[in-house]
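Shown next, in structure tokens, is the structure this report addresses.
The values are calculated or read from the model by the stated rules, or taken from the named source; none is laboratory data. These figures come from a predicted structure and were not determined experimentally. In this analysis, Cβ positions are derived from the backbone assuming ideal geometry, glycine residues included, and neighbour counts consider all displayed protein chains.
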Amino acid sequence: MKLTIDEFRHWQHRCVTLLGMSGVGKTYLSGLLRRNDWFHYSGDYRIGTRYLDEPILDLIKLQAMQVPFLRDLLRRDWVAFQNKIQVDDLGPVLSFVGQLGDPDKGGLSLPEFNRRQALYRDAEIRAMLDVPEFIRKAREIYGYSHFVNDVGGSLCELEDPSVIELLAQHSLILYIRVPQADEIKLIRRAQADPKPLYFRPAFIKAAVKDYLHEHGLEYVADIDPNDFTRWVFPRLFHSRVPRYEAIARPFGYTVESTEVAAVRDEQDFLTLIETAIARTPPLAPDEEAQAHNGLDAVQV
């Protein structure tokens, strides 16, 4: 959604989608706005509690069935499990998505890893398609005036233009870009505190091939899961940057993560968006045509 500063200032029910890598400040902003009459829609929370809830519980039950005592209780329906995911703690989703590599170190085979990745992608798409309905619910049921959509870092990986078009139709997309000087800091933070990651099939295929070659390994089962996750994240980060920018240019606005870090209240946030609108040049005719012809710019 493209707006003038005046249109944004007079927007009665603001809806903003925060776009960017994990760790750039999306959840920080969402938590701040939640205290100021904004409904916080967490895509990852919706994924974990709605669309991956059953697969997560099935995985837990599968593990529990290996314990004779729990196996008997489960078969008799004497116990039940509950997914306790929280907005700021995605542990159950992280455990389900898992890591690729040596099964003796908790790793997954490539077919199983890809199966879970496909489920994760489908769940993220469905969670984003729910946004218009939750915008309505936020206002009509819960009485919130405004709406902030805190999306997962992999939104740019989904390769489903209809998702971006839907979000652009119903919200102002704000891309939080990481300045080059801060890239290493964010990468190290993400490596120390990993979040669930989705990898495009072509990306993970190439990454696995390069990792095996670089480390002199022959099989995926030889990969150390933690080492691969640390190794692949910088590569993933840099592959996502042009994808984010291809979304932000025709459909939204861009701010720096350093600017987000300086936001202390709702007014700071609104001022930041106005600044982003003011410094964004209008689309050239060819860019505007591209934006309305299948979102080709995102397929980089």
List pairs: first residue in the stretch 164-178 and at negative phi, second residue in a strand (DSSP E or B) and charged (D, E, K, R) anywhere in the structure, Cβ distance under 8 angstrom, at least six positions apart or on different chains.
Ile176/Glu256; Arg177/Glu256; Val178/Glu256
Condition first: farther than 30 Å from Asp88 by Cα and touching a strand residue (DSSP E or B) at 6+ places or on another chain (Cβ under 8 Å). Can you find one or more residues in the stretch 214-225 that meet it?
yes
I'd like to know if the stretch 253-260 contains one or more residues that are of a type in the set (A, V, I, L, M, F, W, C), farther than 15 Å from Ile204 by Cα and part of a strand (DSSP E or B).
yes
Among the candidates Gly31, Gly20, residue that is over 14 Å from the mean Cα position of the chain (by Cα), of a type in the set (Gly, Ala, Ser) and under 25 Å from Ser257 (Cα atoms)
Gly31
The residue from Val24, Val93, Val16 that alone is within 23 Å of Leu158 (Cα to Cα) and at pLDDT 95 or above is Val16
Pull up the stretch 181-219, narrow it to residues that are in a loop (DSSP other than H, G, I, E, B) and within 17 Å of the chain's Cα centre (by Cα), then point me to the one that is farthest from Thr258 (Cα to Cα).
Arg200
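Listed here are the residues, each with its yes/no results for (1) loosely packed, with under 14 Cβ neighbours inside 10 Å; (2) modelled with pLDDT under 85; (3) over 22 Å from Lys185 (Cβ atoms); (4) β-branched (Val, Ile, Thr).
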position	(1), (2), (3), (4)
Arg240	no, no, no, no
Thr254	no, no, no, yes
Leu270	no, no, yes, no
Glu274	no, no, yes, no
Ile277	no, no, yes, yes
Pro282	yes, yes, yes, no
Val298	no, yes, yes, yes
2 or more residues closer than 23 Å to Gly20 by Cα and within 16 Å of the chain's Cα centre (by Cα): qualifying helices (runs of 4 or more DSSP H) within the stretch 71-180
91-97, 110-129, 161-170
On the basis of being touching a residue at least 24 places away in the same chain (Cβ under 8 Å) and farther than 27 Å from Phe96 by Cα, does Ala138 make the cut?
yes
Picking from Leu57, Leu33, the residue that is of a type outside the set (Val, Ile, Thr), out of contact with any strand residue (DSSP E or B) (no Cβ under 6 Å at 6 or more places or on another chain) and assigned to a helix (DSSP H, G or I) would be Leu57
With respect to Thr254, determine if the residue is among the hydroxyl-bearing types (Ser, Thr, Tyr), farther than 30 Å from Gly107 by Cα and touching a Phe, Trp or Tyr at 6+ places or on another chain (Cβ under 8 Å).
yes
From the residues in the stretch 60-69 that are within 26 Å of Phe113 (Cα to Cα) and in a helix (DSSP H, G or I), which one is farthest from the chain's Cα centre (by Cα)?
Ala64
Looking at the stretch 194-223, which of the residues that are surrounded by 13 or more Cβ atoms within 10 Å (Cβ to Cβ) and hydroxyl-bearing (Ser, Thr, Tyr) is farthest from Asp122 (Cα to Cα)?
Tyr211
Single condition Thr27 does not satisfy, out of (1) closer than 30 Å to Arg188 by Cα; (2) in a loop (DSSP other than H, G, I, E, B)
(2)
Residues to consider are Asp37, Asp89; find the one that is on the phi > 0 side of the Ramachandran plot and either surrounded by fewer than 17 Cβ atoms within 10 Å (Cβ to Cβ) or among the β-branched types (Val, Ile, Thr) (or both).
Asp37
Does the stretch 218-249 hold any residues that are closer than 28 Å to Gly107 by Cα and acidic (Asp, Glu), and which are they?
Glu218, Asp222, Asp224, Asp227
Return yes or no: is Leu172 within 17 Å of Tyr41 (Cβ to Cβ), touching a strand residue (DSSP E or B) at 6+ places or on another chain (Cβ under 6 Å) and either of a type in the set (Asp, Glu) or modelled with pLDDT of 95 or more (or both)?
yes
